[in-house]
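Only the coordinates and a few stated rules stand behind these numbers; no lab work does. In this text the structure is predicted, and so the values were computed from the model without any measurement. Reconstructed Cβ throughout: ideal geometry from the backbone, glycine too, with neighbour counts over all protein chains shown.
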Amino acid sequence: MPKIDPNALPVLTGTSYPPPHDAPCAARRVQRLAAAGGLGQFGVNLVVLPPGSWSSQRHWHSAEEEFVYVLAGELTLVEDQGETLLRAGDAAAFPAGGNGHHLRNLSDAEARFLAIGSRIDADHGEYPDIDLAFEPDRYRQGPRYRRKDSGAG
């Protein structure tokens, strides 16, 4: 099994959301660990959120499942049921379905976590707090967003 050195991987900063929805995630840093190892059935990302940053817009997936494990710092999980503080060693799981969720770093220190999720081409979902949805096949063709109220993203 080949060793993956996170220090040798590219760091992706920000998000592909269209403006103005990209702003809360602009400082987010991601390293794609599973992709670096040639894995395609699920993703494992090392995510770093500076103070004030969000992991994503609050969203849900129709088919994919997600799991997060906090490595360092404090994060606020925001979901349909409310807010929950997560600290190093805490984990959260999101079965496919309509529970909109994301993480916010409301602390004054950097936070790091692993984000693990299935990769299903037919997956789609929505962002309950904003006029945005995502379409199938985004992993092979890149993200495809649309407005919920009128179509084009």
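Tabulated data
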| quantity | calculated |
| --- | --- |
| Positive-end residue of Tyr17, Leu75, His124, charge dipole of the range 12-152 with Cβ unit charges | Tyr17 |
| Unit charges on C-beta of K, R, D, E only; dipole of the chain, Debye | 500 debye |
| Cα-based Kirkwood hydrodynamic radius, the range 1-85, one decimal, Å | 14.6 Å |
| Equivalent ellipsoid dimensions for the chain as semi-axes, Å, which come from the Cα gyration tensor, largest first | 22, 20, 15 |
| Calculated [θ] (222 nm, deg cm²/dmol) that DSSP helices of n ≥ 4 give over the chain, each run adding -39,500 (n - 2.57) | -500 deg cm²/dmol |
